[in-house]
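Working notes, structure below.
The values are calculated or read from the model by the stated rules, or taken from the named source; none is laboratory data. No experiment lies behind these values; they were computed from the predicted model shown. Heads up, the Cβs are rebuilt from the backbone with ideal geometry, glycines too, and the neighbour counts pull from every protein chain shown.
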Amino acid sequence: MCRFVRVAIPSPLARLFDYALPEDGLTPSPGARVLVPFGRQSLVAVVVELTDKTDVPADKIKAISGVLDSEALLPPDMLSLLLWAARYYVHPVGEVLNTAIPALWRRPEPVGLPATPRYRLREGADTGVISARASLQLKLAAALAEAGPDGLGNAALAELGSSWRNALNALIEQNLVDCRQELWRAPLTCPDLSPPELHDEQQTAVAAVEAARGGFAPFLLRGVTGSGKTEVYLRLIEKTVADGGQVLVMVPEISLTPQLLERFCRRLQTRLVTLHSGLRDAERATHWLAAARGEAQVVIGTRSSVFTPLPRLQLIVVDEEHDASFKQQDGFRYHARDLAMVRARNSAVPIVLGSATPSFESLFNVRQGRFTELRLTHRAGGAVAPKIGLLDVRRRGGRDGVSTLLRSEMERHLEAGGQVLVFINRRGYAPVLICDDCGETADCRRCDAHMTVHSASQRLRCHHCGAERPIPKVCESCGAESLEHVGQGSERIELALQEAFPDKRVIRIDRDTTRRKGALEAQLALATSGEADILVGTQMLAKGHHFPNVTLVGILDADRGLFGTDFRSLEQMGQLIVQVAGRAGREARQGEVLIQTRNPEHVLLKLLVSAGYDEFAEAALKEREDAELPPFSKVALVRAESAERDGGRHFLAYVADLIKPWREALQAEGHTVYVLGPVVAPMERVGGRFRYQLMFQSDEHRALNRLLASLRRLLETDKAARKIRWSLDIDPLDFF
């Protein structure tokens, strides 16, 4: 008989803790929550296993305070995935499990779906007893009679009159109406769109995935923008739901893809829930539980949705699989796409990764034969791919970042009835405020970065730490009044185009204009309907939106990605350009894309424009292979930051010395792990803290993982590690 439980506690310690089971208490299952004493606190922990042995002395071991769940909140398959993730990402298991549980249940709250009242007219009720003067009571009774046995909820009754509750109570007192509590159910979508005809490539893709049902099979759905990848998803989801299965659909940022969500609701007859950061804690927990209990058949969510229990999971879809939003950049630094792959393998189900610009990791996996590639090479509905060209803006700059050549093309497309999208991946008015007299710039006082000018609010803002202050009237260094705005952001481009095209409607879509609830949907509606003539925006406009009237896309400041400090800069630049270009010419008229550049001879940029993303990716991958960079090697970072300038560097130098014996032991076994650094981060100071990093590189993940796991265990008890903020990042997406 098991007398002890081994639990995961949300703490920075990468180990499990043993507690005794009360003799007369309920025995929890692995995956259930329990309340445990931990130091001076009482914490919610997750049971990982039951055991009849412990190394804790009898006089030291404590008993759990209580069992919170009568059955496992995390089922065995999910618990197994999370324990694997804790090992792979070398992260404390308690924090990993805590990430997977909705925030509401990280507290000792009972688990359950909320109940809402529903009212119905009693069978055989004589409504003739209602006074003729009680018009609202009569109105409510008639509505309830029409609703039948299903009755009506509060929302429907509230539409009948402002004093509906008093009238309803009167009907209840007369025994004419009764109330029952009804558990929340996942909403049933009501389709009103008919499926279009699939072209041959779509049919082939659907058939290939369908044939793989019942086993693990990873597919890369590689389709040009507008080729109908979403329609492939929908057909596969329809078939899966019809067979009684559940589907997990992962998207980069659900707040940026309202069109995708609307299309799913208008096409699928199913119970669908969403999971994303915009939901309230109670709402998120409700959706999560509906999926975990098998009621919700389709779950659409952002990266954390990969941890949603789904008892009848039969298909996983990862849309825009290349997107960096799938990587968590702080705390538990997991990659949701990669965990979705592991989950599909463990559950023996197909997984479809979709993208017009696949990540280099996915292309490498296709090359290695690990993924099956499905190609969609033509746009759906007869639309033609846009023509892409470079605009050499050297000595032809024009005003406010929009060249005279681009303005001329904009006029031509607007006169022809087209819509124009101008893309600049920088928000605000100008990235730099500089004094024309002394050359001093307005910099953030806590970061090694310039403050961005936001003209509408008359504020300077740091886009790294969030600090802000009013725009000064005079130079803070010399007192001169000659302050200049250098460079362009989306706000400045919007104003410049409003001045250049006064008879056209210009709208801007970026994080500043879409903060209010519903603002993004309203702006996108203007764009989609054609009411707006010119769209200005950041990468919020690059992600999967369908603008049927856009015939010209102008890309400003594309050169930033050519010379980035990160080895992934070129990959991300190519993906962004192709994704933005894909907004043009999605209907009958062919689109055109013009990229402003001061480096038209750059080999990879020319290759991207002339030969497309495939050739560009192959050439860039060859450079990665020559440099032995991911995906041709495994990389991890140890980051350290402190308030003192050299604190992080000294700590990481100490770490590099600590691991020398382990590296030598691995070397003796034939495994090489390179250690590079410590070096200062590309931006040394952020939020008042100085940052350094140590890079680990190896051809074998297992050797690297063994080394880092040993390092974490050592640092947990090391005095030097307690004086500094440090973190591990396995498979980092950036070195910023």
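For the reader, a short list of remarks on this structure follows.
- Qualifying residue in the range 680-697 (condition: crowded, with 17+ Cβ neighbours inside 10 Å and of a type in the set (S, T, N, Q)): yes
- The lone exception for L313 - which of (1) closer than 19 Å to L113 by Cα; (2) at pLDDT 90 or above; (3) over 16 Å from the mean Cα position of the chain (by Cα) it fails: (1)
- Flag: S355 does not match the condition of being free of Cβ contacts under 8 Å to residues at least 12 places away in the same chain and of a type outside the set (A, V, I, L, M, F, W, C).
- Filter result for A584 (farther than 30 Å from R492 by Cα and touching a Gly at 6+ places or on another chain (Cβ under 8 Å)): no
- Close pairs (9 angstrom Cβ cut-off, 6 or more residues apart or separate chains): crowded, with 22+ Cβ neighbours inside 10 Å in the range 227-244, of a type in the set (S, T, Y) and not in a helix (DSSP H, G or I) anywhere: S227/T377; K229/S355; I237/T270
- Listed by position, the strands (runs of 3 or more DSSP E) inside the range 275-384 whose residues that are of a type in the set (D, E, K, R) number at least 2 are 372-376.
- Some residue of the range 662-676 being within 30 Å of H450 (Cβ to Cβ) and either out of contact with any Leu (no Cβ under 9 Å at 6 or more places or on another chain) or among the aliphatic types (A, V, I, L, M) (or both): yes
- A619 fulfils the conditions (1) touching a helix residue (DSSP H, G or I) at 6+ places or on another chain (Cβ under 7 Å); (2) touching a residue at least 24 places away in the same chain (Cβ under 8 Å); (3) small (G, A, S) except for a single criterion, (2).
- Filtered residues of the range 266-299 (kept if surrounded by fewer than 17 Cβ atoms within 10 Å (Cβ to Cβ), more than 18 Å from the chain's Cα centre (by Cα) and over 20 Å from L73 (Cβ atoms)): R266, Q269
- The range 389-436 - residue that is of a type in the set (S, T, N, Q) and in a loop (DSSP other than H, G, I, E, B) and, of those, farthest from D557 (Cα to Cα): S403
- Residues located in the range 115-144, provided they are within 30 Å of L289 (Cα to Cα) and hydroxyl-bearing (S, T, Y): T116, Y119
- The lone exception for K543 - which of (1) over 19 Å from A356 (Cα atoms); (2) buried (at least 18 other Cβ atoms within 10 Å of the Cβ); (3) touching an Asp or Glu at 6+ places or on another chain (Cβ under 8 Å) it fails: (1)
- The range 166-224: number of residues that are assigned to a helix (DSSP H, G or I) and within 24 Å of L152 (Cβ to Cβ): 8
- Test: residue in the range 232-247 that is assigned to a loop (DSSP other than H, G, I, E, B), among the aromatic types (F, W, Y), touching a strand residue (DSSP E or B) at 6+ places or on another chain (Cβ under 8 Å) and at pLDDT 90 or above: no
- All conditions but one from (1) of a type in the set (V, I, T); (2) modelled with pLDDT under 95; (3) buried (at least 24 other Cβ atoms within 10 Å of the Cβ) apply to I388; the one that does not is (3).
- Filter pass, G554 being small (G, A, S) and either free of Cβ contacts under 8 Å to residues at least 12 places away in the same chain or surrounded by 24 or more Cβ atoms within 10 Å (Cβ to Cβ) (or both): yes
- So D646, is it among the charged types (D, E, K, R) and either in contact with a Leu (Cβ under 9 Å, 6 or more places away or on another chain) or farther than 30 Å from T717 by Cβ (or both): no
- So V342, is it of a type in the set (A, V, I, L, M), more than 30 Å from T308 (Cα to Cα) and either modelled with pLDDT of 90 or more or not assigned by TED's automatic domain parsing to the domain that holds S11 (or both): no
- Here E669 meets the list (1) in contact (Cβ under 8 Å) with a residue 40 or more places away in the chain; (2) acidic (D, E); (3) in contact with a helix residue (DSSP H, G or I) (Cβ under 9 Å, 6 or more places away or on another chain) almost entirely, failing just condition (1).
- Contact map, the range 38-49: first residue of a type in the set (S, T, N, Q), second residue surrounded by 13 or more Cβ atoms within 10 Å (Cβ to Cβ) and assigned to a strand (DSSP E or B), Cβ cut-off under 7 Å, separation 6 or more or different chains; pairs are S42/L35.
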